[in-house]
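Following: one structure in structure tokens, then a few remarks.
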Amino acid sequence: MTLLARAPVPLQPFAPPAGDPGFGVYLHWPFCAAKCPYCDFNSHVRREPVDQTRFVEAFRREIATQGSRTRGLTVSSIFLGGGTPSLMEPGTVSAILEAVAAQWTVANGAEITLEANPSSVEAERFRGYRAAGVNRVSLGVQALNDADLRRLGRLHDVGQALGAIELAREIFPRLSFDLIYARPGQSVMAWEAELAQAIGLAADHLSLYQLTIEEGTAFHALHKAGKLQVPDGELSADLYEATQQLTAFHGMPAYEISNHAVPGAESRHNLTYWRYGLYAGIGPGAHARLPGPDGARHAVANEKHPETWLKMVEDWDEGHVEDTPLEPQEQADELMLMGLRLAEGIDLKRWRALSGRDIDRQTERDLAGHGLLQRLGPDRIRATPAGMMVLDALVADLA
């Protein structure tokens, strides 16, 4: 471990959310040029061109259906995720955003994010997205050396990544890019050097994810066969601590476990999830939290297979395979699971209103005594940096 990683990770200043968590619209474009070996997202490769016109019409219809359940809500953020949304024609993006604006009131200055891969970046396409209304781009860079990019199955090289970052900074008001760390053979020193380079390139936001081996992926099969070794728990913890320390030192502290921003540049859309707001989910495999006719919050999930979802929407105006009312205690559990990911923590008044009870004070004292939990006044708690590293267990103990 380096000296930097050994230093204590500072707690960031408390910044409670201001008012309502907002209402977001998530739009899932499920197509990719290739399937990355670590990816368990709902992404699909098609050898023939996708009928974008037909999919746009399906998006319009599902937007209208979910819009009918959320009348009166104002959209504070829109996120085009995937898959690879930058494979869409600018006209497709424009048509989908126009459908959102026709169904809901979109707030002035709403954050509108599009995910893009460096291998599919073209200046003309980027300018078309900006003209369509996109004001924030999230680039899937993932690594800043060519050897690891190849191991991760990425189609771009470092030169293309740097060009995409430069172009995005020129065209869009806001930019984020992703990196994956805890890669096979990666040391803390090597990661610190790569992260320092990334911070120098970043505008105001970075998403930094530890490599996880997800079931059903190519990496899972290799790992199970002993052909892929990833850092052990101690090294992973060292890498995480180094990440927190270096980003905080450079003015991009973690506001969520894996997300770092200059204060004020946090992802508004993702904050809606983590602050347990309502959101629509449009497209194959999209999830949503919507009000139901019974007055309860519903968990909604769409059919994952793109062409099956398309036919469902064409037949019935929606493509969901789940629409389940959540009991108040289930909502309280979700609020805690999402909110403790944030440096700001959770509002206990809201948690008590849903659960009908307070957290167990002895459990809280035990967790605080082990340096995993911190109380911020009478009605707010948050995980400490040490607690973030064992968050699943922390939430299980509290909930």
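The values are calculated or read from the model by the stated rules, or taken from the named source; none is laboratory data. Remember, predicted model here, so these are calculated numbers, not experimental data. All Cβ positions, even for glycine, are placed from backbone atoms using ideal geometry, and neighbour counts span all protein chains on display. Ligands, DNA and RNA are stripped out before the accessible areas are found, and what is left, the full protein with its side chains, is counted by its heavy atoms. Shrake-Rupley method; radii C 1.70, N 1.55, O 1.52, S 1.80 Å.
For this structure, a couple of remarks:
- When the chain is treated as a GNM with alpha-carbon contacts under 10 Å, the residue of PRO173, PRO306, PRO385 showing the greatest mean-square fluctuation is PRO173.
- Given charges at beta-carbon only (K, R positive; D, E negative), |dipole| of segment 172-220 in Debye: 100
- Taking the DSSP bridge list for segment 23-273 and keeping only pairs wholly inside it, about 15 percent are antiparallel.
- Protection-proxy order for peptides 348-360, 179-191, each taking the mean of Cβ atoms within 10 Å per residue, highest first: 179-191, 348-360
- Surface analysis of the chain yields an accessible area of 43 Å² per residue, using protein heavy atoms and a 1.4 Å probe.
- Three-way shape label, the chain, alpha-carbon gyration tensor, a/c 1.5: oblate
- Here is the short version for the chain: CYS32 have no other Cys C-beta closer than 4.7 Å.
- When the solvent-accessible area of segment 23-273 is split by element, carbon and sulfur atoms take up 51 percent of it, the probe being 1.4 Å.
- Within a straight-line Cα-Cα reach of under 21 Å, LYS35 can be paired with the following lysines, leaving aside sequence neighbours fewer than 8 residues apart in one chain: LYS224, LYS227, LYS304.
- Peptides ranked, highest mean first, by Cβ atoms within 10 Å: ranges 46-53, 129-136, 210-217, 387-394: 129-136, 387-394, 210-217, 46-53
- Note on the chain: GNM, Cα springs under 10 Å; of ALA102, ALA202, ALA286, the largest mean-square fluctuation is that of ALA102.
- Structural descriptor for segment 23-273: relative contact order 18 percent, calculated from alpha carbon pairs under 8 angstrom and at least 6 residues apart.
- Rounded to the nearest 10 Å², the accessible area of PHE41 at probe 1.4 Å: 130
- Basic side chains Lys and Arg get +1 at the Cβ, acidic Asp and Glu get -1 at the Cβ, and with that the dipole of the chain about its Cα centre reaches some 440 debye.
- In Å², nearest 10: area of SER138 left accessible to a 1.4 Å probe: 10
- Relative contact order of segment 57-188, defined on C-alpha pairs under 8 angstrom at six or more residues apart (%): 24
- Selection among HIS260, VAL25, LEU394 by position relative to the dipole of the chain gives HIS260 as farthest towards the positive end (Cβ unit charges, Cα centre).
- Extreme residue, positive dipole direction of the chain, given options ALA221, VAL313, SER187 (C-beta unit charges): SER187
- Normalised contact order of segment 340-398, rounded percent, pairs of Cα under 8 Å and 6 or more residues apart: 41
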